[in-house]
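In what follows, a single structure is set out as C-alpha cells and then discussed.
The values are calculated or read from the model by the stated rules, or taken from the named source; none is laboratory data. Please read all numbers here as calculations on a predicted model, not as lab measurements. A quick note on method: Cβ atoms are made from the backbone with ideal geometry, for glycine too, and the neighbour counts reach across all protein chains shown.
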Amino acid sequence: MKPLFLRKLFLLTALMMGISALTGCIRLEVATPDKPININMNVKIEHEINVKIDRQVEDLLKNNSAIF
C-alpha cells in the first residue's frame, strides 16, 4: 500500500514542479514617473445671496439710508 502512495506523491510532486518550471518567472516592476504629475482643474464657483427682509425694516432702510 505504501509504494503506491509514494508513487502517486512522487508523480504529483514532479507534475507540480514541471508546471512551475513551465510558467516561468513573472517580473513586475513599479517605478515612479520621470516627470511630475500635473492635474489641471478649471473650477468656477458662483454664489448668490438672497436676503429677505421684513417690510418695516425695508421702509426703515429707505428712510434712513445713512445707516449703512
Checklist (1) assigned to a helix (DSSP H, G or I); (2) loosely packed, with under 10 Cβ neighbours inside 10 Å applied to Lys8, failing item: (2)
Residue under evaluation Ala66, criteria (1) exposed (fewer than 10 other Cβ atoms within 10 Å of the Cβ); (2) modelled with pLDDT of 80 or more; (3) of a type in the set (Gly, Ala, Ser), criterion not met: (2)
Verdict on Leu28 being surrounded by 10 or more Cβ atoms within 10 Å (Cβ to Cβ) and of a type in the set (A, V, I, L, M): no
Subset tally (residues that are of a type in the set (S, T, N, Q) and more than 25 Å from the chain's Cα centre (by Cα)) for region 16-33: 2
Condition met for Glu58 (charged (D, E, K, R) and not in a helix (DSSP H, G or I)): no
